[in-house]
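Engineer: Sharing a structure with you now.
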Amino acid sequence: VYSQASHSWVTSTTLHPADGASGGYDCLASSGVAKNVLLVGAVEDIPSGYAGPSDVVMAPFSSWGPTDDGRVKPDVVANGVGVRSTSNTGTNDYVSLNGTSMAAPSVAGSIILLEERYRQALGSGAPRSSTMRALVIHSANEAGAAEGPDYRFGWGLMDTPRAASIIGQAAAHRGMIIE
């Protein structure tokens, strides 16, 4: 198992507590840790916009990693608290809901928009899912007390405009994104 120490990855022999142990770590369902899954955690809304890592506050119900083999999960986080969503009480009804099931659609919708931007800017077909995953995690805003990825916030708060900007830069500098 690898862990972060002084801004680099080192081999660790530390024993991790059992799934869902005190401290809340390693409480992920096995379906969320499959090979190319983009696991999304939930955080509180940031109405005034992101200004720094301390603005990103973990939702109390969000699951944390690591995976049993030490991989960072969740991959990214997004707002999952107080999200306006449709209701099944009527055809025009909306409710405010909480959950990672509210955060994940935000990320999924953003990725579709990034895919469209990719096609427009680079004049090519659909990007690989691995390309989009890399773009999402490497353009995320830092979150949490520790610098870099961690087992609570993953790689950070998804930043769709920043990811779109990287795609635009890649159009001007061919070879910046290589699949």
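The values are calculated or read from the model by the stated rules, or taken from the named source; none is laboratory data. A quick note: this is a predicted structure, and the numbers were derived from the prediction, not measured. We place every Cβ from the backbone using ideal geometry, glycine too, and count neighbours over all the protein chains shown. Just the protein is used for accessible areas: all its heavy atoms, side chains included, with ligands, DNA and RNA removed. Shrake-Rupley method; radii C 1.70, N 1.55, O 1.52, S 1.80 Å.
Engineer: For the stretch 37-179, what is the accessible area per residue in Å² when the probe is 1.4 Å? Mind dumping the intermediate values first?
Structural biologist: Numbers: 7380 Å² over 143 residues.
Value returned for the stretch 37-179: 52 Å² of accessible area per residue.
Engineer: Still on this structure: Return an integer: the convex hull volume of the alpha-carbon atoms of the stretch 63-164, in Å³ per residue.
Structural biologist: Values: hull volume 13.3 nm³, N = 102.
With only Cα atoms used, the stretch 63-164 gives 131 Å³ per residue.
Engineer: Could you tell me whether the chain comes out rounded, prolate or oblate from its Cα gyration tensor? Rule is a ≥ b ≥ c as square roots of the eigenvalues, rounded for a/c under 1.5, then prolate if a/b exceeds b/c, otherwise oblate.
Structural biologist: Note, shape of the chain comes out oblate.
Engineer: Same structure, new question: Ordered by residue, what ³J(HN,Hα) values in Hz, to whole numbers, does the stretch 30-35 give under the Karplus form 6.51 cos²θ - 1.76 cosθ + 1.60, where θ = phi - 60° and Gly and Pro are x?
Structural biologist: Going residue by residue, I get 4, 5, x, 10, 5, 3 Hz, with x marking Gly and Pro.
Engineer: Working out 0.36 nm times the residue gap between residue 48 and residue 61, then minus their Cα-Cα distance, what length gain in nm do you get to one decimal? Please list the in-between numbers first.
Structural biologist: Details: separation 13, 0.36 × 13 = 4.68 nm, distance 2.28 nm.
Here the answer is 2.4 nm.
Engineer: In what sequence, highest mean first, do 71-79, 57-65 appear when ranked by Cβ atoms within 10 angstrom?
Structural biologist: With the highest mean Cβ count within 10 Å placed first, the list reads 71-79, 57-65.
Engineer: Shifting gears a bit: Only Cα pairs under 8 Å and at least 6 apart count here; give the relative contact order of the stretch 110-178 as a rounded whole percent.
Structural biologist: This gives 32 percent for the stretch 110-178.
Engineer: Let me ask you something else. Considering only the chain, what is the antiparallel percent among its DSSP beta bridges, to the nearest 5?
Structural biologist: Expressed as a percentage, antiparallel bridges in the chain total about 70.
Engineer: Could you tell me the center-to-center distance, by alpha carbons, between the stretch 74-128 and the stretch 144-179 in angstrom?
Structural biologist: One Cα centre to the other: 17 Å.
Engineer: Add +1 for every Lys or Arg and -1 for every Asp or Glu among the other residues with Cβ under 15 Å from the Cβ of residue 103, and state the total.
Structural biologist: After counting each charged neighbour, the total is -1.
Engineer: Let me ask something else about it. Run through the stretch 113-170 and list the GluC sites (Glu not before Pro) located in a DSSP loop whose Cβ has at most 15 other Cβ atoms within 10 Å.
Structural biologist: Here the sparse-neighbourhood loop sites are 147.
Engineer: Take the solvent-accessible surface of the protein heavy atoms, probe 1.4 Å, and return the percent of it on the chain that carbon and sulfur atoms account for.
Structural biologist: Values: 5420 of 10180 Å².
The C+S portion of the solvent-accessible surface of the chain is 53 percent.
Engineer: A further question follows. Using a Gaussian network model of the chain whose springs link C-alpha atoms within less than 10 Å, name the residue from 109, 154, 99 with the highest mean-square fluctuation.
Structural biologist: Fluctuation is largest for 109.
Engineer: Something else now. Taking springs between alpha-carbon atoms closer than 10 angstrom, which of 47, 105, 127 fluctuates most in the Gaussian network model of the chain?
Structural biologist: 47
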